[in-house]
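The values are calculated or read from the model by the stated rules, or taken from the named source; none is laboratory data. For clarity, every value in this text was computed on a predicted model and none was experimentally measured. Positions of Cβ are backbone-derived with ideal geometry, glycine not excepted, and every protein chain shown enters the neighbour counts. Protein only, heavy atoms only, side chains kept; ligands, DNA and RNA dropped before computing areas. Shrake-Rupley method; radii C 1.70, N 1.55, O 1.52, S 1.80 Å.
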Amino acid sequence: MTEGLQVFHTQDAACVIAKVRYRQQPQPGVRSTFFLERHLQDWKIRHNHFSTDPNGLNRPAAG
């Protein structure tokens, strides 16, 4: 599941931010950031970053 999807972009660059929760382990969520650049007609991921959401570390899973 993806939460809080945000996209910031210009003509040739974009940043996509979201929190991802995996069905097998929904807590904590994984904060995900992707930086993309346009190369000719294609978008290429130039950098990505993933980190565990510290706010969800001690919280019980929703159910």
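If a residue has to be touching a Leu at 6+ places or on another chain (Cβ under 7 Å) and open to solvent by 80 Å² or more (accessible area, probe 1.4 Å) to count, how many in the stretch 13-43 make the cut?
1
Looking only at residues in the stretch 1-12 that are open to solvent by less than 100 Å² (accessible area, probe 1.4 Å) and touching a Lys or Arg at 6+ places or on another chain (Cβ under 8 Å), which one is modelled with the lowest pLDDT? Even if it seems obvious, please write down each step before you answer.
Our first condition is that a residue be open to solvent by less than 100 Å² (accessible area, probe 1.4 Å); within the stretch 1-12, this holds for 2-4, 6-7, 10, 12.
Subset that is touching a Lys or Arg at 6+ places or on another chain (Cβ under 8 Å): 2-4, 12.
Numbers: THR2: 85, GLU3: 88, GLY4: 90, ASP12: 96.
It comes out as THR2.
Please specify each residue of the stretch 44-58 satisfying the condition of being open to solvent by 100 Å² or more (accessible area, probe 1.4 Å) and under 10 Å from the mean Cα position of the chain (by Cα).
Correct list: PHE50 only.
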